[in-house]
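The values are calculated or read from the model by the stated rules, or taken from the named source; none is laboratory data. Note that this is a predicted model, so its numbers are computed, not measured. Note that we place each Cβ from the backbone using ideal geometry, even for glycine, and neighbour counts take in every protein chain shown.
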Amino acid sequence: MKTIPIFIWIFLFHDASSDCGCQKLDRNTTPDGEKAPLPDQVCQQRAQGASHYRDYYGELEAEIADMSLIPGGSYLLGTDNPHFPADREGPERQVKLEDFYMDKYEVSNDAFAKFVLDTNYTTEAERFGDSFLFKSLLSPSEQRELEDFRVASAVWWYKVAGVSWRHPNGVDSSLENLGRHPVVHVSWRDAVEYCKWVGKRLPTEVEWESACRGGKDRKLYPWGNKLMPRGEHWTNIWQGDFPDGNLADDGFEFTSPVDTFRQNVYDLHNMVGNVWEWTADLWDANDVSDNPNRVKKGGSYLCHKSYCYRYRCAARSQNTEDSSAGNLGFRCAKNA
């Protein structure tokens, strides 16, 4: 790999024991397993003869391909038992939402490629000339060569020249056989531009978490509280010892296709696991800086309970708007 000039390691001040380093990749700092209960609106319609979520929303849902209409109403968000208090997972609170649409799938490489072809858009990672890559995607010799480009507080992350959405797994990688995998190495600003192009927007954190819960209150995951109902994998996360020895028992060492894991009654796939997803929200509502932190949700294929237990609906993290990494993507939302 092409040698990159030496630069100063990146230091961030955060609880280093509480995450996989995903929120350190900022450029400016370098009964479970069963069908989910239906929301009140759907249950009321069911008493009138409708038998399923789609019976109530099917006609509307069909108007927008690959999106689900998430019913409005009152939702409980957050938790009074936060796993990472510093992430402001709590307190639990009630919110009210209007109906809105959410993409069933994370935006794929194929979809993003159409956007780029139509607009000639250049992502921030391409303009910067680099992005963050996890160690297992680098050979031992590449890791030695790039030793001075590691994130100091999460040394399994490397800043690698030439990595972008077109070359997601290394400078010499391509999108071959990855068309249906989520696009990665996209910044918050890249995601906003894509959503505008397709006539949508990023979901708010409240919308994202409401959709994640699938009509269930106080559940850890979109489907319930058991990570593996009936002994089956319901999400793409890390199995084995982190950060070495990913067993890939769920069938995927890295990202999985966007339509792999259907996780709740809203037909939403990969809401938790696979890749982190940008939301519209500021991490600090009063942040007026040029490059503020934005909330991301859902965890990624690099999450493990021993270190980054953020593949829960209530979990949250953040990165600066211009940040990008090999486990960070997005999906879109739309007003109903």
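Quick one: which helices (runs of 4 or more DSSP H) sit completely within the range 53-170 and have at least 1 residues that are under 17 Å from Glu207 (Cβ atoms)?
53-61
Test each condition in (1) under 29 Å from Thr119 (Cβ atoms); (2) at pLDDT below 95 for Gly245 and report the one that comes out false.
(1)
Those residues that are in a loop (DSSP other than H, G, I, E, B), at negative phi and out of contact with any helix residue (DSSP H, G or I) (no Cβ under 8 Å at 6 or more places or on another chain), I need them from the range 292-302; list them, please.
Pro292, Tyr301
When only residues in the range 170-199 that are of a type outside the set (A, V, I, L, M) and buried (at least 20 other Cβ atoms within 10 Å of the Cβ) count, which is nearest to the chain's Cα centre (by Cα)?
Top of the filtered list is Pro182.
Within the range 238-245, is even one residue under 28 Å from Asp110 (Cα atoms) and in contact with a Ser or Thr (Cβ under 7 Å, 6 or more places away or on another chain)?
no
Before we move on, is Asn120 closer than 21 Å to Lys219 by Cα, over 21 Å from the mean Cα position of the chain (by Cα) and either modelled with pLDDT under 95 or not small (Gly, Ala, Ser) (or both)?
No, not satisfied.
Can you confirm whether Gly231 is more than 21 Å from Tyr105 (Cβ to Cβ), at pLDDT 95 or above and of a type outside the set (Ser, Thr, Tyr)?
Yes; evaluated as a whole, the condition is true for this residue.
Any idea how many residues of the range 207-241 are crowded, with 23+ Cβ neighbours inside 10 Å, more than 25 Å from Val95 (Cα to Cα) and of a type in the set (S, T, N, Q)?
The qualifying residues number 2.
Among the residues of the range 303-332, write down those that are over 14 Å from the mean Cα position of the chain (by Cα) and not in a loop (DSSP other than H, G, I, E, B).
Thr320
Among (1) modelled with pLDDT of 95 or more; (2) surrounded by fewer than 18 Cβ atoms within 10 Å (Cβ to Cβ); (3) under 19 Å from Ser300 (Cβ atoms), where does Lys159 come up short?
Only one criterion is unmet by Lys159, namely (2).
Hey, among Asp103, Asp66, which residue is in contact with an Asp or Glu (Cβ under 7 Å, 6 or more places away or on another chain), crowded, with 21+ Cβ neighbours inside 10 Å and modelled with pLDDT of 95 or more?
Asp103
Residue-wise test of (1) in contact with a strand residue (DSSP E or B) (Cβ under 9 Å, 6 or more places away or on another chain); (2) closer than 22 Å to Asp259 by Cβ; (3) of a type outside the set (Val, Ile, Thr).
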{"site": "Leu133", "(1), (2), (3)": "yes, no, yes"}
{"site": "Glu145", "(1), (2), (3)": "no, no, yes"}
{"site": "Arg150", "(1), (2), (3)": "yes, no, yes"}
{"site": "Ser153", "(1), (2), (3)": "yes, no, yes"}
{"site": "Trp156", "(1), (2), (3)": "yes, no, yes"}
{"site": "Trp165", "(1), (2), (3)": "yes, yes, yes"}
{"site": "Asp172", "(1), (2), (3)": "no, no, yes"}
{"site": "Trp197", "(1), (2), (3)": "no, yes, yes"}
{"site": "Ala211", "(1), (2), (3)": "yes, yes, yes"}
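Looking only at the range 221-240, which residues are among the charged types (D, E, K, R) and assigned to a helix (DSSP H, G or I)?
Result: Arg230, single match.
Return yes when Glu253 is farther than 21 Å from Ser136 by Cβ and either surrounded by fewer than 21 Cβ atoms within 10 Å (Cβ to Cβ) or modelled with pLDDT under 95 (or both) and no when it is not.
no
Looking at the range 201-220 only, could you name the residues that are under 19 Å from Leu328 (Cα atoms) and either in a loop (DSSP other than H, G, I, E, B) or at pLDDT below 95 (or both)?
Answer for the range 201-220, where residues must be under 19 Å from Leu328 (Cα atoms) and either in a loop (DSSP other than H, G, I, E, B) or at pLDDT below 95 (or both): Leu202, Pro203, Thr204.
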